[in-house]
Amino acid sequence: MRANATRLIVAAFAAAGACTALATAQPAHADTIGYLVNVTVRPGYNFPNADAALAYGNGICDQINAGTGYAQLVNTIKSDFATDDDFQASYLISQSAQELCPASIWQLRQSAAGYVPSA
């Protein structure tokens, strides 16, 4: 009988701990270092320095938060970097959202629904 009571108490504490962990989960945070590594090492962007790369990425986040559609973001980046490579543009968008403004990922995904890359 005492063993059952002990198991019940242990299970109650485990459940309480799990509930506390879920209730105090932290929101996603920006990772500027991850962003800089991913976009400055990859060829094609040629940012003059880290500040310019961060400013551009944060500008993408601002556009996502302002409701700019995915297709418009792709076209803007392709124009800014004088490329017709959809992957290069989508990579920069995804790195910006994932590393600099993760709270905006859902909005970005909604605007990208149905997007078809140019042929």
**OP:** With a 1.4 Å probe and every protein chain left in place, work out the accessible area per residue of the stretch 50-119 in Å², rounded to a whole number.
**Re:** 52 Å²
**OP:** May I ask you to order 66-73, 94-101, 48-55 by the average number of other C-beta atoms within 10 Å around their residues, highest value first?
**Re:** 94-101, 66-73, 48-55
**OP:** Go ahead and run the numbers for FRET between Thr32 and Asp80, Cβ-Cβ distance against an R0 of 22 Å, rounding to 0.05.
**Re:** 0.60
Original post:
HN-Hα J couplings of the stretch 32-44 from phi, Karplus 6.51/-1.76/1.60, θ = phi - 60°, integer Hz, Gly and Pro as x?
Top reply: 5, 5, x, 4, 4, 4, 5, 9, 8, 7, 5, x, x
Original post:
How would Asp31, Asp86 line up by accessible area, probe 1.4 Å, largest first?
Top reply: Asp31, Asp86
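The values are calculated or read from the model by the stated rules, or taken from the named source; none is laboratory data. From a predicted model like this one, the values you see are computed outputs, not experimental measurements. In this analysis, Cβ positions are derived from the backbone assuming ideal geometry, glycine residues included, and neighbour counts consider all displayed protein chains. These accessible areas exclude ligands, DNA and RNA; they are computed on the full protein's heavy atoms, side chains included. Shrake-Rupley method; radii C 1.70, N 1.55, O 1.52, S 1.80 Å.
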